[in-house]
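K.L.:
The structure is given below, and queries will be raised subsequently.
Just so you know, all these numbers are worked out from the coordinates, no wet-lab data involved. No experiment lies behind these values; they were computed from the predicted model shown. Neighbour counts run over all protein chains shown; Cβ positions are idealised from the backbone, glycine included.
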Amino acid sequence: MPISVIAVSPVALDQAGIASTSELPQLVPGLTFNPAGEAKLNSFNVRGVGTYALTATLESSVGVAVDGVPLARVGGSITDMVDVERVEVLKGPQGMLFGKNATAGLISIVNRKPEIGTTGGAFNVEYGSHNELNIDGVANVALGDKAALRVTAWKYGHDGFIEGPDGQDYNQKNSYGIRAGLTIEPAPDVTVTIIGQYDGRDERANANTHRLFTATTPFGIIVENWARSRGITPGPRNEQGEFFASPYAKGNNYYLTGLVDADLGGGYTLSSVSSYRSVSVEGHMDPFVTSSPLLHLTRLEDREDYDQFTQELRIASPSEKPLSFVAGLFYYQFKVKDVQDQNFFGLVQPGISNFYRVNTVTDKLRNVAAFGELTYRVTPGLRLIGGIRISNDRTSATFDRARVGTDTGIIPGNVPVFSYATKRVSYDAVSYRFGAQFDVAPDVMLYATASRGYKGPGFNLTQTSTPASIIDDARVAPEIAKSYEIGIKSQFFDRRLTFNLTAFDSTFDNFQTTVGLPTNPPTFVIQNAGQLKSTGVELEINARPAQGLSLGLNGAYIDARYTDFDNAACYYNEPTLPAGSPLAPGVCVGGVQTLDGWSLAVSPKWSFNASARYEAPISPDFSAFVNATYSWRSSVVYEARRDPLEVQNGYGFANLNIGFKTADDNISVALYVRNLFDEHFVSRVRQEFGVYYQAPAYEARRRIGIQLSGKF
């Protein structure tokens, strides 16, 4: 495959204790996960690029696909990975063959399908620190010789580790799900698979803690004085939560997918993928992180519901012919409704008083596309590749802010009651990829590609929208990525050594992002940030130097930075120049700053993951094993505004598994230690009113437990 891709096997996921898509960065350099206070705002970055947008009206620059079906929003893609066949992280624009364009990259999850002619199953139980209890099981049942049923179920969870003011522990995990698949062969050359899944979560989550007090504003002083009066000492290791509105996160995800593969003869295959998905995520957070009677929210609840339907038809020719191809048609229908209840009161500042508003944002999108990719064998070792995708997006959105109850006092200008409906936008786009592959030797391939990716238009409609902040019919222009890549994929010594190396250069025009306006309280708008670039090198090495010993090293150097972003929000207490002064990096002029030349947020320049496993027989019936992994990331700034106090220094942590298993592989028992050396870090730092908050990470603590796995 002439692209940069990291394939993660189920064995690697199990050995590293990876259960969720949010934990994949532990195994994939160049991939980062950005948690937020609300599930709908969670996001991924690939090669430093992602989307952090406070709106339901934008897609993500990093796509997620399950069984070939692209997911509409990230809120439904932070899921547990159970009974998977493989996970692939594809880097760079992926608009050709994966159903919907993703300008930065794609996470592709392929679940195991029912196996005809096989009856059996497997189970896994883990128990450890913080009452971490993970249970999953699968049963595959042969239904004659032409059909099979596969059922997978799981429940994952652990106690919270943030002490709340109500005596409860927060940032717990409680997720669960069930998936059932039926595969039948109604004819010798036809296979039909139907997959249905429900998964959900119900957690006391999204609790932040105080990291640093620097405020000189009335808001920040209220927060600091109240926190100190309650015995809270801010700091990087503070795990005492302080909030009035108890945080929580819930989600329900239903989907039904139908897969049909038909052999047309002569090596031609026709495939159909039909899918319907319904996702509901909701949460409650306290952005002020205080229970002070002078400054807090009685309610800030957000619920996002979306439905999507996709249909794809694809035909593939025999791959061994001089000219081979894949071609298809794609249809995508999506609608979302995002409702936020806000109830502010007791805000001690002139011009702000009690108000209660319900904000509703809706978005509808229809996408149709035709695509095709050709591979032409010029010689047995030289192949030319060319592909194109022609897409049409048609989208519209609405915003409504309604008053609930009676207002008291003066209402701030950024929460007026109003409604707005956009005009319908239709946009045609062309994506492409072309390149060449050359086999230098039987197991050594060089490749080069050039590609253009596209992410559709959106709308500047956020929960803090005002009439003044909506301009040009609220349109946000499409995001366009152009990427060039060269690489080598190779294997040596009877395929006992794998060496892959990739170099890339990508440019993103009209990058879609959130910008904070200099208002109080803040107003957030969605804008195009001009241009950014991502350049770097990625390395993958896997070796089996001796019987039972396997070693792995994946690494990335990524230089991702803005090249044209002159309307970025300033950070708190940033040095200022008089209005009208030329923009310069690191200074605020008229409430905005330029980020030209600055690195992207949440983009470590260096990252690597290393692994080692040794297994040896200790008797005719048993073997012992030890498995170690280490993940390291260099320092990052958590917010685009480049506040030097919103920084996480570089960190790394090790995991260790020691155990034994039966010779037939049916039973395995292991002792595991996650974060062996108790390395500390946080998953996010942010600032409001001069008070700095952080999101403590569950992975930033040593956890010890035992794992029992079996097959039957």
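K.L.:
For MET81, list long-range residues whose amide hydrogen, built 1.01 Å from N in the peptide plane, is under 5 Å from its own amide hydrogen.
P.N.:
So MET81 has HN proximity to SER20, THR21.
K.L.:
Under 16 Å from a label point 7 Å along Cα→Cβ of ARG230: give me every residue in segment 685-712 with its amide N that close.
P.N.:
Residues passing the 16 Å test: 691-694.
K.L.:
Output the peptides 205-211, 5-11, 480-486 sorted from most to least packed, where packing is the average of other Cβ atoms within 10 Å over each peptide's residues. Kindly include the intermediate steps, with their values, before the conclusion.
P.N.:
Details: 205-211: 24.6, 5-11: 16.3, 480-486: 20.4.
Highest mean packing first, the order is 205-211, 480-486, 5-11.
K.L.:
Check GLN512: other-chain or 5+ apart residues with amide H under 5 Å from its amide H, H built from backbone geometry?
P.N.:
Amide H neighbours of GLN512: ALA529.
K.L.:
Another question, if that's okay. Restricting to DSSP H runs of at least four residues, report the calculated mean residue ellipticity at 222 nm for the chain, -39500 (n - 2.57) per run over all residues, nearest 500 deg cm²/dmol. Mind showing how you got there, number by number?
P.N.:
On the way: 2 runs with 19 residues, N = 712.
Only helices count here, giving -1000 deg cm²/dmol.
K.L.:
Using +1 on the beta carbon of Lys and Arg, -1 on that of Asp and Glu, and nothing else charged, what's the dipole of the chain about the Cα centre, debye to 20?
P.N.:
The calculated dipole for the chain is roughly 720 debye.
K.L.:
If you find the alpha carbon centre of segment 189-241 and of segment 511-586, how far apart are they in angstrom?
P.N.:
That distance is 23 Å.
K.L.:
Under 22 Å from the Cα of LYS113, which lysines turn up, not counting those fewer than eight places away in the same chain?
P.N.:
Within the straight-line cut-off, LYS113 pairs with LYS146, LYS155, LYS711.
K.L.:
Cα to Cα, under 14 Å, and not fewer than 8 places away if on the same chain: which aspartates and glutamates meet these conditions relative to LYS455?
P.N.:
GLU59, ASP393, ASP428, GLU479, ASP509
K.L.:
Note the angle between two axes, namely the Cα long axis of helix 218-229 and the longest principal axis of the Cα atoms of the chain, as a number of degrees from 0 to 90, rounded to the nearest 10.
P.N.:
With both axes taken from Cα atoms, the answer is about 80 degrees.
K.L.:
Now, a different point. Report the relative contact order of the chain, percent, no decimals, based on alpha-carbon pairs under 8 angstrom and at least 6 residues apart.
P.N.:
11 percent
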